[in-house]
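Structure record follows, encoded as structure tokens.
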Number of protein chains: 2
Amino acid sequence: MNAKLQWLRNKINSLDLQGIIITNPINIKYLTNIEAEGTLLITRKENIYLTDSRYIEYVRSILTLFDEITVYDIKGLTKDDYENFFLFCENVGFEEHHVTYAEYKEMIRKYKIHNLVETEKIIEKQRMIKDEEEIHEIIKACNITDECFKYILTYIKPHMTEKQIAQEIERYYKENAQGLSFETIVASGENTSKPHAVPTERQIQEKDIITIDMGCKVNGYCSDMTRTIFVGEVPEEIKPIYDLVLKNQEQVLQNYKEGANTRQISKMVESDFKINGYDLIHSIGHGVGLEIHEPPYIGNINDIILKENMIITDEPGIYIPGKYGVRIEDTVQITKFGCIKLTNSEKNYIII
Amino acid sequence: MNAKLQWLRNKINSLDLQGIIITNPINIKYLTNIEAEGTLLITRKENIYLTDSRYIEYVRSILTLFDEITVYDIKGLTKDDYENFFLFCENVGFEEHHVTYAEYKEMIRKYKIHNLVETEKIIEKQRMIKDEEEIHEIIKACNITDECFKYILTYIKPHMTEKQIAQEIERYYKENAQGLSFETIVASGENTSKPHAVPTERQIQEKDIITIDMGCKVNGYCSDMTRTIFVGEVPEEIKPIYDLVLKNQEQVLQNYKEGANTRQISKMVESDFKINGYDLIHSIGHGVGLEIHEPPYIGNINDIILKENMIITDEPGIYIPGKYGVRIEDTVQITKFGCIKLTNSEKNYIII
């Protein structure tokens, strides 16, 4: 059986569950590598994937004997089949954060489940720690992002619009990766003052500041990187802000390691920003994996203790409303003794 | 109060609900025109929109006094505020098909609701019938789609890849509409035999058949159109299939009108295909509105009686595995006496 399913079996055993119904497609991808519409059942004896005729061929092509997953076409299933899956199971788990109330009621009816039990994101929590294969995919996505950034620096010219640049990044990712991990942000001039700017028709001008937040997917796994760059020169008034953001971004890298408390790291940045007269208005980072934003969430609110092989971002930013903003972000892997940067694009003043 | 909110108030009244919590963002957009993250509460006396600081400015800019919606920043709300919203309400409705089981439990706790009641998609059902303003937006999206199709016929050249063509359609829609209503399908040669083909690197060749399924959004409202076109000439073996699909597509248009039973229409197509030796492998159409696929779903399974001002598609198709396929689709508006085609691109043999 594949290692992730084996882990899940042990886990539900320890929770006194005799089965579990997995419906979150990202958790199913994580556990089985299947990307389709369907339901994964872990029953007493079997691992079962229920899907329909559209996906049967594809699913069979993905799975190996080693996976030990039996695939059923739901068209062929009777009322009895559904009721037999969890026969003699006292407690069956489900994903209460993914299943709607209507689906919850339907599950109880269809599978005739005695006690359908909330499982408190056990799989999402496990997904925070990446295995070798997952890290490998993320590294690939980060490398492509570095390459794409290098390319886009040669592509950007004055009078291009933000949208045009964002579309070129998208084109590059479609060609070289499996698409975007999120809608690319290209913000220029005063638009950089909005952390979540959407690319507009604004044209790049001489002496502009440009923030580019970009990432792609490789086999479902995401990358995430932000750079703030300059056209022609770095305006004197922005230099101290850029330097302050970069200093803190580097400081966070210094502090990211197994055992570190992320709230303390976030507070450290906040206080350094405050001393210099600026606010920290968004969190410092987030987990990256099959989702572009996933646990752990790194900021002032939660005490998270970092663990080896978490993949997270480091992305402090300062925003002066109506004027400009600076954000610098890398995706990094936590290790026992520090962290490894997975995105490696230049961070000193980048002038195009 | 805006007409849609007034309708909702009357509706919940008739269901003996003293309030309702709306969380489905598409239903919120439908009722209020707001596109943000937040929750709409219809309480005994007030219409309330709860959101956070990111959206407050935007939401206030969207709403008029006439809407009679009070906007709150959730940051300022206390435990008591939440508990007071539905004070003295016996029954409060919620959207059981949108709310997760975890959110359901949290709602009961947070709002201290006595009896949280399933509402069986009352808003989705109402959304099937479009008002004048909605129809106007859909017509705009359909017109842009006709224009885009006309343009793309001049753009396609042999040796271009399917992906390239799909990207050009996307670029056109980004420029002229508010983006895509779904991922454009451009399938060529044997790829046309898959109804849900994804654009590939396959290059267009002389004598190719190409299926293009495309649609855009205008103020959230979608368009949907498919044409199957030919490069250089229409292969003799495909002609009878094209003619049969087109004949049935026209026949469906003839039958679409208020009072018509859609299962009968679908059965009619199925039997005409069968007589000619082909299967009907997907449904005949679907509703189009704020979602690209929404009720009513038109096929062999459900008896739907069409009503005036439903906007639906008409899209029969025939697919010969491994060889080719033909699909022709329009978006149409149902009237008392027939239907009005909203997409109007050529349907006779299109040869580029």
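Filter segment A:41-59 for residues that are in a loop (DSSP other than H, G, I, E, B) and either among the β-branched types (Val, Ile, Thr) or away from chain B (no Cβ under 14 Å) (or both) and give the result.
Matches in segment A:41-59: A:43, A:44, A:45, A:46.
In this structure, is residue B:108 open to solvent by 20 Å² or more (accessible area, probe 1.4 Å) and outside the structural domain of residue B:305 (by TED's automatic domain parsing)?
The answer is yes for residue B:108.
Do we have any residue at all in segment A:273-281 that's closer than 21 Å to residue A:304 by Cα, open to solvent by 60 Å² or more (accessible area, probe 1.4 Å) and under 23 Å from the mean Cα position of the chain (by Cα)?
yes
Condition first: open to solvent by 50 Å² or more (accessible area, probe 1.4 Å), within 14 Å of another protein chain (Cβ to nearest Cβ) and either in a helix (DSSP H, G or I) or at pLDDT below 95 (or both). Can you find one or more residues in segment B:201-216 that meet it?
yes
Identify, from the list B:68, B:46, B:35, the residue that is open to solvent by 60 Å² or more (accessible area, probe 1.4 Å), under 27 Å from residue B:122 (Cα atoms), of a type in the set (D, E, K, R) and touching a Lys or Arg at 6+ places or on another chain (Cβ under 6 Å).
B:35
When segment B:132-169 is examined, which residues are found to be within 14 Å of chain A (Cβ to nearest Cβ) and part of a helix (DSSP H, G or I)?
Selection gives B:162, B:163, B:164, B:165, B:166, B:167, B:168, B:169.
If I ask for residues that are within 13 Å of chain A (Cβ to nearest Cβ) and either more than 21 Å from the chain's Cα centre (by Cα) or farther than 24 Å from residue B:321 by Cβ (or both), which ones from segment B:170-198 would you list?
Listed by number, the residues that qualify are B:170, B:171, B:172, B:173, B:174, B:175, B:176, B:178, B:179, B:180, B:194.
Of (1) in contact (Cβ under 8 Å) with a residue 40 or more places away in the chain; (2) in a loop (DSSP other than H, G, I, E, B), residue A:125 satisfies all except one. Which?
Result: residue A:125 passes all but (2).
Please go through segment B:60-98 and pick out each residue that is in contact (Cβ under 8 Å) with a residue 24 or more places away in the chain, assigned to a loop (DSSP other than H, G, I, E, B) and either of a type in the set (Ser, Thr, Tyr) or away from chain A (no Cβ under 14 Å) (or both).
Residues satisfying the conditions are B:63, B:68, B:77, B:86, B:88, B:89, B:90.
The values are calculated or read from the model by the stated rules, or taken from the named source; none is laboratory data. For clarity, every value in this text was computed on a predicted model and none was experimentally measured. Every residue, glycine among them, receives a Cβ derived from its backbone with ideal geometry; neighbour counts consider all protein chains shown. Note: accessible area is taken over every heavy atom of the protein model, side chains too, but ligands, DNA and RNA are not part of it. Shrake-Rupley method; radii C 1.70, N 1.55, O 1.52, S 1.80 Å.
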